[in-house]
1. Note down the magnitude of the dipole of the range 81-232 about its Cα centre, charges +1 on Lys and Arg C-beta and -1 on Asp and Glu C-beta and zero elsewhere, to the nearest 20 debye.
2. Please compute the net charge surrounding GLY231, taking Lys and Arg as +1 and Asp and Glu as -1 over other residues with Cβ under 11 Å from its Cβ.
3. Given an 8 Å cut-off on Cα distances and at least 6 residues of separation, report the relative contact order of the range 81-232 as a percent.
4. Which ³J(HN,Hα) values, rounded to whole Hz and listed in residue order, are derived for the range 121-131 from phi using the Karplus coefficients 6.51, -1.76 and 1.60 in 6.51 cos²θ - 1.76 cosθ + 1.60 with θ = phi - 60°, glycine and proline given as x?
5. Counting other Cβ atoms within 10 Å of each Cβ, which chymotrypsin sites (Phe, Trp or Tyr not before Pro) in the range 135-214 have at most 12 and sit in a DSSP loop?
6. Using θ = phi - 60° and the Karplus relation 6.51 cos²θ - 1.76 cosθ + 1.60, list the HN-Hα couplings for the range 134-149 in order, rounded to whole Hz, with x at every Gly or Pro.
7. Along the range 150-161, what does the Karplus equation 6.51 cos²θ - 1.76 cosθ + 1.60 (θ = phi - 60°) give for ³J(HN,Hα), rounded to whole Hz, x for Gly and Pro?
8. Whose amide H sits under 5 Å from the amide H of THR129, counting only residues 5 or more places off or on another chain, with H placed in the peptide plane?
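Just so you know, all these numbers are worked out from the coordinates, no wet-lab data involved. What you see is a predicted model; the values in this text were computed from it and never measured. Glycine also receives a Cβ, built like all others from the backbone with ideal geometry; neighbour counts cover every protein chain displayed.
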Amino acid sequence: MARVEMSEFGVEQEQMMQVLIRHCQTMKRQETRLRLATAALLATFLATLLWLQFQQQTTKDAFSGAHSKALNTEGPPVRHTVHLEGLISAGNQFVDCSEEQPIKWDIMNDDNDAQNFKLENQTVLHVFTKGLYLINLRIYYRVAYNQCDPNSELLTLKVNVSQKHSDYEKEREVISAQESMICRNYWLQSITLNRVIMLQSETSLRVTINKKSCKFVSRARNSHLAVTSIGFF
């Protein structure tokens, strides 16, 4: 009887050992699968991080490029300017002028852009490029000793800037002014005109002053005309 019990006990132990071995094998396979799943999850997570970082860097580079391009586009445009001063003769006398004969000028800036401006016959300024331009004109007046008519108390000063273009039937006024000046010895006065205007390509500009005021233009201070581009189209 005892041998039979021992035999059954041994069989049970063997069965229990096999169950334990199978359990260990199952646990080992599950652990391996868990490790593989964890490794796959980590790899997916790292790949996602790298992709997000790449996308962020790409977006940043694109934004930086667009911002740099915008800065270059919105930066201050190149200014083209011509600076003219009233022509004074060798005898220190202002050149005669009339309403029909425009005032004469000399180009003063050495870096004058010949592709955009040209002074012809010292009276007509040609503007070759279409765009917005700032016109700045100042005429200085001075009454010399005994230069006034004793019967005259006021002088009339007239200044006109006009433009001429092939599309216009006649010369057009750009800007003008008319003021009174006291006719008194050594009296000083000036007229300043400023305007931003769109000029067509191949436009001509000239300045005229009335004949009666011509002799009063100051010789001590040169009158000047400046034309500056603001933007081309």
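1. Values: 17 positive and 17 negative charges, 81 e Å.
So the dipole magnitude of the range 81-232 works out to roughly 380 debye.
2. Taking every other residue near GLY231 into account, the sum is +2.
3. Values: 353 pairs, mean separation 58.6, N = 152.
The value is 39 percent.
4. These are the phi-based 3J(HN,Hα) values: 6, 6, 10, 10, 9, 8, 10, 8, 10, 5, x Hz.
5. On the way: sites: TYR140, TYR141, TYR145, TYR168, TYR186, TRP187; in loops: TYR145, TYR168, TYR186, TRP187.
Filter output for the range 135-214: TYR145, TYR168, TYR186.
6. 9, 9, 10, 10, 9, 10, 9, 10, 8, 8, 7, 5, 6, 8, 8, 6
7. Values, residue by residue: x, 8, 10, 10, 10, 10, 9, 10, 10, 10, 9, 10 Hz.
8. GLU202
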